[in-house]
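A.B. asks: Here it is, the structure in full.
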Amino acid sequence: MALDTKGPPPDTSPIVIPDLAGDDDFREFGMAEHPRGGFHGLLEVIPTRADLVLDLIRANSLWPLLSGLSCCAIEMMSSATSKNDIDRFGMFPFRASPRQADVLIVAGTLTTKMAGPLVRLWEQMPEPKWCVAMGTCTTSGGRFKRSYSVVQGVDRLMPVDVYVPGCPPRPEGLIYGMLRLRELVLQRRGEWPTYVDRGPQRSNWEGDVT
Amino acid sequence: MADLRRPRPAAKQLGRRRDLSAPAGALVRLLLDRFADLAPTVWTDEDTVEVRIDGERNVEVLARLRDDPELNFFMLADAAAVDYGPTEHFEVVYHLYSDLHPAWLRVRARVDRADPHLPTITGLWEGASFHEREMYDMMGIVFDGSRDLRRIYMSPDYRSFPQRKDFLLPDDAADSPAAGVDPLERPETWDLSRFVEAATSSEAES
Amino acid sequence: MTSEVRIPDPLHPERTEEARLRAAAGLAPAPSTGGEYAGFESVGLPDRPPQTEREREVYTLDEGEMLVNIGPQHPSTHGVMRLVAKVRGEVVVDIDPVLGYLHRGIEKLCENATYTTVMTYVDPMDYLSSMHNEHAPAIAFEKLYGVKAPRRAEYIRALVVELNRVFSHGLMMGFQALDMGGLTPILYAFINRDEVVDLLASISGQRMLFNFFRVGGVNFDANDEFFSRLGTWRAGVLKTIEMNERILTDNEIFRGRTIGMGVLSGSEAMALGVTGPSLRASGVPFDVRKAHPYSIYSELEFEVITHTGGDVYARYLQRVAEIKQSIHLIDQIVDKMPHGPVQAQVPGIIRPKPGRAYAAVESPRGLYSVYAISDGGPNPYRFRMRDPSFVSLQAMPKLMPGRLIADTMAVMASFDPVMGGVDK
Ligand code: SF4
């Protein structure tokens, strides 16, 4: 598979809310002007307000996708079983199908051969979705940095929300990372951007061997 | 059994010899008896006896080692390839186990690097198939007669053979030969097309 | 003697009947109708002409057959492996394992690392038995360098290696049940596993990829605290194991699905290169600890356990028996543990004389061996690892034809492959 590591440049432009100011039709319905432009109103507010509530629910039941890649997957499983029990935070049901999952925990070394299937899994997950990079292999290539068949950091392929370093991270580390993700979801409540058009988060890495 | 430790006329050619245990000595004597022509290549250390052969002869020698009731090397423990550098040769190394001799037997088969062809041993041990696929994938050694010789680790359109010594890993040091190599987009170190040609022509014949 | 259960072909009942009649009449089997080459796109592989005879055979479909992908992302493939199954209805006709989804080039990295750092690279290979992964290179490098580990180091090595075997086989019991749809045993297995890895972490400092062995010894000595924790663990270890046994061994459903399933005879297993518990479950008493005693195993008392069934159930029983054997060995090792140093005098960067060494150990999955060549430099010239689960996977295409798709996972779990080792 030819890997497009360069990708399109990241779109850093701010989220544009259609500028409807001046259109008196909307003021008639009693909509207030949004501080960032556009209108808080019947048409726009409903999804936003709904997300404000829905994200509370999402944050408390983040369902990860069961996709262990290698060693880190064992610690991921360990965090789901009796002793560590990530279920306490509503995160247990590891879904076998990407269509039912919220979080992709990339647990393990990502190789060039597996990169295609993993991106496909990520694309099959419905929005909103989050990605956690578990282990040094997925954050940067880790001990396989020099290898000829390892993708050096999963953030070359998909946007990552939380990095959990360690080789492997302890289950407690993963749980901490997932709790940070929960905070993140709550912080971004109602205004997270979608990942659809963003492309790879970083196309080039400082310190890359190019 | 102590007399085995005395230097013997045939065993003089054994080269560096450390602490030859009695059972390994019995194996060496048997090997010298059965394979008189290989005598100069027999070598041993404390728990391994080694024989060097020509690549073409691997099936014949291994079959005799396996089927001889006194040798009885019925188990293929390992099959691996070694690259001795761009100007040297390849070697395919078989490690065998026998319940009669408490020593590993290592058979080193020499392969030409410019034309790395070798008969397959899947007829003797079916389980050699994956080993041979791995050697083909990593080193580019072609096993004639194998039913399933294709890449096993890298994707089928990969063009290089990563475990050859002229395949360099990326390095940070600017004066290293591998400086500035992108680890994911490797230059070709070997052209696969000649193997594809060979495979298709043999298909046409069959 | 277990009778072979053949499931009748649901789509073409007359096909098998015809074959039976022909065989009874002494006729040659009917020539194939000449299937159609399906190509690789149907299972998401790059489309290209078939490269080998075997590939053409698998990807050529007769009437009523189709190709199904199992993996690479599948909850019970033990990692990222892809099995391309040719099925007719529910019945598997052929299986082609597609590997390489976790190929990390560890051998090449090891050839570029010093002898001490090789230990960190081999850890993530077979990640359920990292201690065994380090044991074989340690022995091989000691042979190359001509240094011997002190006796206490050898005993500590044997101790941690057997501890590792206990949790690896324990997890196998759990995964075996999980792949057949039972969730409970894996919870008990992980309780046991977490206890053992905490114990190993207290001696090595790491929970999973221990990086504990050194050329000429081990990294840390076992102190009194470790031994007292070991005693506590030893007192309670059989509880979780027996809990799992009680759930599985006499379970009607478990027995019904595993007895007579995936029968591998001893000679077949030998030809395929299957080693370890899977080979011993077929009745072949081959155990590297007895066949080529390394470390201190010649000083310990144990017998090679075998089972005769050769099926999934026998392989499961074999693991259970070996857990108990390992615990027995741990008792002996702790009894005999000598005092003394745990590390021989070895420089930081070692440069062995040119030579070659082969070392094999019995890992929970079978014969794990290392072949190292030194050219006098600070890193191995060639470093080769033979992983047992890589070789055992070849049994899958032999065992599955004529079985149901759902049993594929049961048979695969019984070989207990670990993809990190398979793909290196
Ligand atoms: S970070 Fe470490 S434990 Fe995790 S996949 Fe990589 S090597 Fe394995």
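Read-outs: derived from the displayed coordinates by stated rules, not from any lab. All figures in this text were calculated on a predicted structure; none of them were measured in a lab. Reconstructed Cβ throughout: ideal geometry from the backbone, glycine too, with neighbour counts over all protein chains shown.
A.B. asks: Using the alpha-carbon centroid of each, what span in Å lies between the range B:66-94 and the range C:274-323?
C.D. replies: Here the two parts' Cα centres lie 26 Å apart.
A.B. asks: Something else about it: Throw me the Rg/Rh for the range C:168-322, computed over C-alpha atoms with Kirkwood Rh, two decimals.
C.D. replies: Using only Cα positions, Rg/Rh for the range C:168-322 is 1.01.
A.B. asks: Using Cα pairs under 8 angstrom and six or more residues apart, how large is the relative contact order of the range B:74-144, in percent?
C.D. replies: Values: 112 pairs, mean separation 19.6, N = 71.
Contact order relative to length: 28 percent.
A.B. asks: Could you tell me the calculated FRET efficiency between B:Arg29 and C:Lys324, based on Cβ-Cβ distance and R0 = 35 angstrom, to the nearest 0.05?
C.D. replies: Details: r = 42 Å, r/R0 = 1.19.
That pair, B:Arg29 with C:Lys324, gives E of 0.25.
A.B. asks: Can you pick out the pairs among C:Lys143/C:Lys324; C:Lys290/C:Lys336; C:Lys398/C:Lys424; C:Lys86/C:Lys398 whose Cα atoms lie more than 21 Å from each other? Could the numbers behind the result be given before it?
C.D. replies: Details: C:Lys143/C:Lys324 31 Å; C:Lys290/C:Lys336 19 Å; C:Lys398/C:Lys424 23 Å; C:Lys86/C:Lys398 13 Å.
The pairs that break the limit, which is 21 Å between Cα atoms, are C:Lys143/C:Lys324; C:Lys398/C:Lys424.
A.B. asks: A further question follows. How high is the relative contact order of chain C, given as a whole-number percent (alpha carbon pairs under 8 Å, six or more residues apart)? Mind dumping the intermediate values first?
C.D. replies: Numbers: 799 pairs, mean separation 97.1, N = 424.
Value for chain C: 23 percent.
A.B. asks: Using 1/(1 + (r/R0)^6) with R0 = 25 angstrom and r between the beta carbons of C:Lys353 and C:Thr117, what's the FRET efficiency to the nearest 0.05?
C.D. replies: 0.80
A.B. asks: Now for a separate question. What distance in nm separates the simple spin-label points at B:Asp37 and A:Leu52, each placed 7 Å from Cα in the Cβ direction?
C.D. replies: 9.0 nm
A.B. asks: In addition: Using the crude model of +1 on Lys and Arg Cβ and -1 on Asp and Glu Cβ, and no other charge, please compute the dipole size for chain C relative to its Cα centre, in debye to 20.
C.D. replies: So the dipole magnitude of chain C works out to roughly 1260 debye.
A.B. asks: Give the separation of the Cα centroids, the range C:334-358 to the range C:78-109, in Å.
C.D. replies: Computed from Cα coordinates, the inter-centre distance equals 39 Å.
A.B. asks: What are the extents of the Cα atoms of the range B:103-155 along their three principal axes, listed from largest to smallest and rounded to whole Å?
C.D. replies: Cα spread of the range B:103-155 along its principal axes, largest to smallest: 38, 26, 19 Å.
A.B. asks: So which lysines pass the test for A:Lys129, namely a Cα distance under 18 Å, with those fewer than 8 places away in the same chain ruled out?
C.D. replies: none
A.B. asks: For C:Asn69 and C:Val334, calculate 0.36 nm times their separation in residues minus their Cα-Cα distance, and state this gained length in nm to one decimal.
C.D. replies: 90.6 nm
A.B. asks: How large is the dipole of the range C:183-322 about the Cα centre if only Lys and Arg carry +1 and Asp and Glu carry -1, each at its Cβ, rounded to the nearest 20 debye?
C.D. replies: 300 debye
A.B. asks: Cut-off is 10 Å between beta-carbons; in what order do C:Thr114, B:Thr48, C:Thr408 appear when sorted fewest neighbours first?
C.D. replies: Arranged by neighbour count, lowest to highest, C:Thr114, B:Thr48, C:Thr408 become C:Thr114, B:Thr48, C:Thr408.
A.B. asks: Counting only other chains, what is the mean number of Cβ atoms within 10 angstrom of the Cβ of each residue in peptide B:147-160?
C.D. replies: 6
A.B. asks: Work out the charge dipole of chain C with +1 on the Cβ of Lys and Arg and -1 on the Cβ of Asp and Glu about the Cα centre, then indicate which of C:Leu67, C:Leu399, C:Met385 is farthest towards its positive end.
C.D. replies: With unit charges placed on the Cβ atoms, the residue in question is C:Met385.
A.B. asks: With unit charges on the beta carbons (Lys and Arg positive, Asp and Glu negative) and the dipole taken about the Cα centre of the range B:2-153, which residue among B:Ala77, B:Met135, B:Leu31 sits farthest to the positive side?
C.D. replies: The listed residue farthest towards the positive side: B:Leu31.
A.B. asks: Per 10 Å bin, what percent of the C-alpha pairs of chain C does each bin hold, from zero upward?
C.D. replies: Reading the bins upward from 0: 4, 20, 29, 24, 14, 7, 2, 0.
A.B. asks: On to the next question. At 222 nm, what helix-only mean residue ellipticity would chain C give, in deg cm²/dmol to the nearest 500, using -39500 (n - 2.57) for each DSSP H run of four or more?
C.D. replies: It comes out at -14000 deg cm²/dmol, rounded to the nearest 500.
A.B. asks: Where the centroid of each part is defined by its Cα atoms, how far is the range C:137-193 from the range C:225-270 in Å?
C.D. replies: 14 Å
A.B. asks: Which residues in the range B:117-139 place their backbone N less than 20 Å from a point set 7 Å from the Cα of B:Glu88 along the Cα-to-Cβ direction?
C.D. replies: Under 20 Å, as judged by backbone N against the label point of B:Glu88, lie B:117-118, B:135-136, B:138-139 of the range B:117-139.
A.B. asks: I've got another one for you. Kindly rank B:118-124, C:190-196, B:31-37 from highest to lowest mean number of other beta carbons found within 10 Å of each residue. Display every interim value, and only then the final one.
C.D. replies: Numbers: B:118-124: 19.9, C:190-196: 21.9, B:31-37: 14.1.
So the order, starting with the most tightly packed, is C:190-196, B:118-124, B:31-37.
A.B. asks: Given Cβ point charges of +1 (Lys, Arg) and -1 (Asp, Glu) and nothing else, what value in debye, to the nearest 20, does the dipole of the range C:263-403 about its Cα centre take?
C.D. replies: Charge dipole, the range C:263-403, about its Cα centre: 540 debye, nearest 20.
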